[in-house]
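Quick note: the coordinates plus some simple rules give every number you see, no bench work behind them. Note that the coordinates shown come from a computational prediction; the quantities given were computed from them, not determined experimentally. Every residue, glycine as well, gets a Cβ built from its backbone with ideal geometry; the counts of neighbours run over all protein chains shown.
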């Protein structure tokens, strides 16, 4: 399926008005902090460029949204059909790369190239020779969809379409059922005459309290949060860790896998601060964590349907098990709060505000956190792309405003990897933090083994 097919079909595609929350993400980007989702995939055997491009055209570009660029309409922005340029959207890197370090360098150079706003806002770089196979670096603007939605779309590029659909269904069924009297149900329309004004006022009070807690919380000032970001992003990641080892640690400590992973990430930042003599007995690192609201809102497949919560990482706690328990308590409190839903509503509202008002709102909220942290569960079975096994997949969401650090945790094929994106002005050598991830996990595994009751 060639590009000309899409040039012809676009004439019949109606202009689509951009949702307010997507419009907010479109305007949120700056030269220093572009709102672009980045991903890296590596494959065990070579992938041919012609087959790669055909698969993407059939399963990605065939989605009409990705044939469009952001354009201006009489009432707000809209999705405007546009020509897909093969040379621009499917560049090739033909030099052979032998190591992750070399791939990280090429990926870093690619993600620092701004997207052309006169074209659809995505690009896919195929590295034809990486170790014994190939690699792919993807860039997609956040305005098209959030990270969870884009991950599902990218997985649809794989050969195992039916298996992936079952995986997604299992993920949805594994989600906790909505609480009958929960806040999401309370937020259903309260129209005049329903006789529930007292309950409505109580809910408004709770939301106002949550907004004040976020707005009045102090701004972050630490090694990872300094003024003057340069905009040059750097990508690094850890080698894959065995998920079975993570599960064994979680089981031994009566914790969940997510608690162990968050504790390891927190410990890595703690180790780094200690190595540069910046750790204190009260050190905390406030992060922004996306919360998927798509199923709760019964949202469509594309667009941005997630909220944000502010999670403080207890860097002052040395014991990893104690850290995991504290993080578990904090995450449970955030999940039961209305913070994620409130931030989603604020983002929707900001899409209608004048540009200067939205930028001030983003400046205020981004001042409250030092990093963005995502945790994405992938399939536990191996995937294939045109017959080549997918070896690694890494994912980074953008950092808005004054935030210059992004942490990603992604599980796939019974392995887990930590990824890090940093602004060069903040961290000159992000690899030193990545090494702390490895050291922290090994220490956690050793401590768990030492505390087990072994048979005598």
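For the range 353-456, what is the convex hull (Cα atoms) projected area averaged across all directions, in square nanometres? Walk me through the numbers on the way to the answer.
Details: hull surface 46.5 nm².
Projected area, direction-averaged: 11.6 nm².
Assuming a ≥ b ≥ c are the square roots of the Cα gyration tensor eigenvalues, decide whether the range 329-393 counts as rounded (a/c under 1.5), prolate (otherwise, with a/b larger than b/c) or oblate.
Numbers: a/c = 2.84, a/b = 1.82, b/c = 1.56.
In terms of gyration-tensor shape, prolate.
Once R0 is set to 22 Å, what does the formula 1/(1 + (r/R0)^6) return for the Cβ-Cβ distance between residue 159 and residue 86, expressed as a FRET efficiency to the nearest 0.05?
0.45
Computed over the Cα atoms, what is the radius of gyration of the range 61-147 divided by 2.2 N^0.38 Å, N being its residue count?
Details: Rg = 15.1 Å, N = 87, 2.2 N^0.38 = 12.0 Å.
In units of the globular-protein estimate, the range 61-147 measures up at 1.26.
For the range 3-173, which semi-axes, largest first and in whole Å, follow from the square roots of 5 times the eigenvalues of its Cα gyration tensor?
On the way: eigenvalues 143, 75, 60 Å².
They are 27, 19, 17 Å, listed from largest to smallest.
Percent antiparallel among DSSP beta bridges with both residues in the range 3-173, to the nearest 5? Mind showing how you got there, number by number?
Details: 22 of 25 bridges.
Among the beta bridges of the range 3-173, antiparallel pairing accounts for roughly 90 percent.
Gap in Å between the Cα centre of the range 112-150 and the Cα centre of the range 378-455?
If you average the Cα positions of each part, the centres end up 20 Å apart.
Using Cβ contacts closer than 10 Å as the measure, can you line up 160, 221 from fewest to most? If you can, show how the numbers build up before the last one.
Details: 160 18, 221 11.
So the ranking, lowest neighbour count to highest, is 221, 160.
Given contacts defined as C-alpha pairs under 8 Å and at least six residues apart, what's the relative contact order of the range 336-456, whole-number percent?
Details: 126 pairs, mean separation 23.1, N = 121.
In percent, rounded to a whole number, it is 19.
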